[in-house]
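The values are calculated or read from the model by the stated rules, or taken from the named source; none is laboratory data. Remember, it's a predicted structure, so these values are computed and weren't measured experimentally. Glycine gets a Cβ as well: all are built from the backbone with ideal geometry, and neighbour counts include every protein chain shown.
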Amino acid sequence: MIVRYFEPQDFEEVMEIESEAFEEHNPFLYMNFYEMNNDCFLVADQNGYVTGFVAGYQTSENEGRVFSLAVRNGFRGFGIGTRLLEAINGIFNEKALRYASLEVRLSNKKAQRLYQKMGFIPCWIEHGYYSDGEDGLIMKKSLPPSINTSAGRRPARSFRHAGGSSLRIKNSI
Ligand SMILES: CC(C)(COP(=O)(O)OP(=O)(O)OC[C@H]1O[C@@H](n2cnc3c(N)ncnc32)[C@H](O)[C@@H]1OP(=O)(O)O)[C@@H](O)C(=O)NCCC(=O)NCCS
């Protein structure tokens with residue numbers, strides 16, 4: 001499995017995964033992500049089959065936001081979510097950002113466990129954050145000091161994930 005940048009031909013598969021994972025859908029949002037934040041839009045690719053995605057963006061000079069993370073049904077529990085999160089944190093780190101943040105439904109304990117395992121700390125609750133009225137939990141993580149000297153560029157890169165094996169990020173350019 002590799003983690004690589006989202007490409008337009010992945011759109012249908014990403015929308016399939018998004019539909020089964022979330023109650024609220026907004027396909028246009030993901031095309032906007034591709035157009036505006038394509039270096040923070042990644043997919044997990046298993047021999048050409050997209051099994052998960054993560055989309056984020058830079059909210060301020062210091063902070064990156066994980067906007068959406070989902071893994072295909074049947075592929076959950078195998079570490080794909082962890083690898084996607086590691087990869088986007090790596091990109092935030094390359095951009096020399098100091099914090100990563102995200103929001104998660106208060107009831108989504110599975111995702112909260114993943115985020116806590118990855119070093120995100122529960123910070124505060126946004127009441128009625130979601131359109132169905134559910135509260136959102138805001139979580140944040142400090143990123144290690146960056147050794148990057150070319151923030152904003154998009155070099156070929158490879159990450160090492162917690163398991164120790166190489167996590168390859170394939171450039172789409
Ligand atoms: C949340 C989600 C992205 C996790 O992806 P994943 O590939 O299954 O996650 P991983 O296999 O990397 O598991 C990472 C951690 O998540 C937690 N986790 C995963 N599956 C779990 C389960 N069935 N029950 C409890 N915790 C679970 C565990 O802490 C796990 O770490 P561990 O294996 O060391 O115990 C996936 O379940 C998903 O797509 N859910 C629907 C969409 C969603 O909720 N997205 C997050 C919105 S904020």
Subject >> Index of the failed condition, S158 passing every other in (1) at pLDDT below 95; (2) hydroxyl-bearing (S, T, Y); (3) within 14 Å of the ligand (Cβ to nearest atom); (4) in contact with a Leu (Cβ under 7 Å, 6 or more places away or on another chain) >> reply: (3)
**OP:** Would you check if there is a residue in the stretch 107-114 being more than 25 Å from N37 (Cα to Cα) and either more than 9 Å from the ligand (Cβ to nearest atom) or surrounded by 16 or more Cβ atoms within 10 Å (Cβ to Cβ) (or both)?
**Re:** yes
**OP:** With the checklist (1) at pLDDT below 95; (2) β-branched (V, I, T); (3) within 13 Å of the ligand (Cβ to nearest atom) in hand, flag the one item V104 doesn't pass.
**Re:** (1)
**OP:** For I121, state whether it is more than 14 Å from the ligand (Cβ to nearest atom), modelled with pLDDT under 95 and surrounded by fewer than 14 Cβ atoms within 10 Å (Cβ to Cβ).
**Re:** no
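Residues checked against (1) crowded, with 18+ Cβ neighbours inside 10 Å; (2) farther than 13 Å from I91 by Cβ:
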residue	(1), (2)
V43	yes, yes
G48	no, yes
R65	yes, no
V71	yes, yes
**OP:** Pull up the stretch 59-89, narrow it to residues that are more than 8 Å from the ligand (Cβ to nearest atom) and touching a Phe, Trp or Tyr at 6+ places or on another chain (Cβ under 8 Å), then point me to the one that is farthest from S19 (Cα to Cα).
**Re:** N62
**OP:** Would you mention how many residues in the stretch 54-64 are in contact with a helix residue (DSSP H, G or I) (Cβ under 9 Å, 6 or more places away or on another chain) and not small (G, A, S)?
**Re:** 4
**OP:** Just one of (1) touching a residue at least 40 places away in the same chain (Cβ under 8 Å); (2) part of a helix (DSSP H, G or I); (3) touching a Gly at 6+ places or on another chain (Cβ under 6 Å); (4) of a type outside the set (K, R) trips up A100, so point out which.
**Re:** (2)
